[in-house]
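Before we start, here is the structure in question, set down as C-alpha cells.
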Amino acid sequence: MNYTSPSSRPGGLRLHLNENTAGCSPAVLAALQSMQRTSASEYPDYAWLTEQCERYFRVDPGFVQITNGLDEGLHVMAQAAKLSRPDFDAIVVEPAFEMYAACIAAVGGRQVTVPPMAGLGFPIEAVIAAISHRTRLIYLCDPNNPSGLAIPREHVRRVADAAPQAMVLVDEAYADFSGRTMVPLLDRHRNVVVGRTFAKAHGLAALRVGALIAHPSTLMPIRRILPPFSVNICAAIALRAAMADRAYVDWYVEEARQSRELIYAWCRDHGIPYWPSEGNFVLVNVGNAAKACVEALAVREIHIRDKTGTPGCEGCIRITAGLVEDTKQCLAAMEEWYATRGN
Ligand SMILES: *Cc1c(COP(=O)(O)O)cnc(C)c1O
C-alpha cells in the first residue's frame, strides 16, 4: 500500500501536534465530496454511525458515545464529576496532556497533581495515595502524551478498584499506534471510561470526532450533559469512511513505527536520551539546548514541540513521528542544528 504525500505544506512541516502528516485517507475526501444537499440541511442521525463505531471497537450496543473530538469527551467527564460533587477533586498524573487541567479548571474542580516519577513511568503507588473521598475523576493517558510510555493494564485496574466513587478516564488517543486498549476492562470495571480520537492515526483532527467507550449505565449521566448534535455531518461522514479504510491506518501506523526507529537511531548516534514511545511521537531530552533547537528548526519551517515547561520534561522536545520522508527531513535539520550549536 502506498499513498502520495501532501504536495505542498503551507506554513511548513508540522511535527508539534502529533497530527497525521500524510492527511486523511483518500476515501474520506471522496465521501465528503459525495455529500447530498440535504445532508447539510437535516439534523444528523447518529444511530448508524454509533453502531459502526461499536463494531469497530468490538463492544456491545450502547457502549459508544461519539463526541466532537476527544476534547469534548474530556470536558464532559469534568462536567459529570462536577454534577456528582460540586467540590470534587480530580487527579492528574504528570507529565500530562494540558487539556486535563483546563477541563478541571473550566468547571471549578480542584486538581490533585501526582508529580512525575524519575524516568516518567506510571507512579501507581502515588496515584493510589492521591485518591480521597472527594475524588470523582482521574485522568490517565495510555500511551502517555508526552512520554509515550504505557500504563500496565493491571495498574488501571488497581486505580479503578481503589476509587469506586470516581470515574477513571483512560485517554487512548494513541491506541492505534500502541495496539493496546483497556476496552476489555469495561464490563467488569464500570467506573472506567475509555476515550478515543480519530484525529491522530485517522487524520481527522480538523473534522473533530472522537468517542467515549464505557458501560451503558456509566455513559447515561454523560449523555444527559452532551448537546444532542455536537458531531457535525461532515465529521460523521468522514468517520464512516475512515473506519472502513483500515488499510490506510495500518499503512500509517507502520510509517510512524519506522519514523520512531529513525529518531531513536539519531538520538543514540548523538548520545541524546529519549523515551521509547508507543505513540506517533518521541520525547527527546536535548538538555539546555531545547529552546534553541526548537527555534533553529522553526527557521527551517519545521515545527516541533518545546516541552520544557511540562513537569518531568525539563530539557525536552517532542517530535511527531509521521511519514518516514517527513522524519528524514526533520532529522536532517536536527543534524544541521547539532553541528552548529554552541557548546
Ligand atoms: C490529541 C489528543 C487529544 C485530542 O483529541 P481530539 O479528538 O483532537 O480532541 C486527546 N488526548 C490526547 C492525549 C491527545 O494527544
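Give me the orientation-averaged projected area of the Cα convex hull of segment 272-343, in nm², one decimal. Display every interim value, and only then the final one.
Details: hull surface 19.1 nm².
Dividing the Cα hull surface by four gives the mean projection, 4.8 nm².
Give me the number: length gained by fully extending Trp48 to Arg85, i.e. 0.36 nm times residue separation minus the C-alpha to C-alpha distance, one decimal in nm. Spell out each step's value before the answer.
On the way: separation 37, 0.36 × 37 = 13.32 nm, distance 3.45 nm.
Here the segment from Trp48 to Arg85 would lengthen by 9.9 nm.
Can I ask one more? List the lysines whose Cα sits under 19 Å from the Cα of Lys291, skipping any in the same chain fewer than 8 residues away.
Lys307
I want the local charge near Val59. Using Cβ-Cβ distances under 12 Å, sum +1 for each Lys or Arg and -1 for each Asp or Glu among the other residues. All intermediate terms of the calculation are to be shown ahead of the outcome.
Values: positive: Arg55, Arg58, Arg196; negative: Glu51, Glu54, Asp60, Asp187.
Residues near Val59 contribute -1 overall.
Moving on to the next point. Under 4 °C and 1.567 mPa s, how fast does segment 154-266 diffuse according to Stokes-Einstein, given a Kirkwood radius computed over C-alpha pairs? Answer in µm²/s, whole number.
On the way: Rh = 15.9 Å.
My calculation gives 81 µm²/s for D.
While we're here: Restricting to DSSP H runs of at least four residues, report the calculated mean residue ellipticity at 222 nm for the chain, -39500 (n - 2.57) per run over all residues, nearest 500 deg cm²/dmol. Don't skip to the end; give the middle numbers.
Working: 13 runs with 141 residues, N = 343.
Mean residue ellipticity, 222 nm, calculated: -12500 deg cm²/dmol.
Quote the FRET efficiency, to the nearest 0.05, computed for Arg224 versus Arg58 with a Förster distance R0 of 25 Å and r equal to the Cβ-Cβ distance.
On the way: r = 26 Å, r/R0 = 1.05.
Approximately 0.45, to the nearest 0.05.
May I ask for the distance between the Cα centers of segment 301-343 and segment 89-109, given as a whole number of Å?
27
Are there trypsin sites (Lys or Arg not before Pro) in segment 129-195 that DSSP marks as loop and that have at most 12 other Cβ atoms within 10 Å, and which are they?
Values: sites: Arg134, Arg136, Arg153, Arg157, Arg158, Arg180, Arg188, Arg190; in loops: Arg134, Arg180, Arg188, Arg190.
In loop regions of segment 129-195 (DSSP not H, G, I, E or B), the sparsely surrounded trypsin sites (Lys or Arg not before Pro) are Arg188.
Do you know the relative contact order of the chain, to the nearest whole percent, from alpha carbon pairs under 8 angstrom that are 6+ apart?
On the way: 642 pairs, mean separation 80.3, N = 343.
The normalised contact order for the chain reaches 23 percent.
Ignoring ligands, DNA and RNA, what percent of the 1.4 Å accessible area of the chain is carbon and sulfur? Kindly include the intermediate steps, with their values, before the conclusion.
Working: 7790 of 14580 Å².
That fraction is 53 percent.
Which FRET efficiency value, to the nearest 0.05, do you get for Lys291 and Thr38 by plugging their Cβ-Cβ distance into 1/(1 + (r/R0)^6) with R0 = 45 Å?
Working: r = 52 Å, r/R0 = 1.15.
Result of the calculation: an efficiency of 0.30.
Shifting gears a bit: Label Ser8 and Ala126 with points 7 Å out from Cα along Cα→Cβ: what is the distance between them in nm?
4.8
Once the convex hull of the C-alpha atoms of segment 26-244 is built, how many Å³ does it hold per residue, rounded to a whole number? Walk me through the intermediate numbers first.
Numbers: hull volume 24.7 nm³, N = 219.
It comes to 113 Å³ per residue, whole-number rounded.
For segment 88-185, which GluC sites (Glu not before Pro) are in a loop by DSSP, counting at most 13 other Cβ atoms within 10 Å? Before the final figure, lay out the partial values.
Details: sites: Glu98, Glu125, Glu154, Glu172; in loops: Glu98, Glu172.
Loop-located and lightly packed - Glu98.
The values are calculated or read from the model by the stated rules, or taken from the named source; none is laboratory data. From a predicted model like this one, the values you see are computed outputs, not experimental measurements. Ideal geometry is used to build each Cβ from the backbone, glycine not excepted, and the neighbour counts take in all protein chains shown. Accessible surface areas use protein heavy atoms only, side chains included; no ligands, DNA or RNA. Shrake-Rupley method; radii C 1.70, N 1.55, O 1.52, S 1.80 Å.
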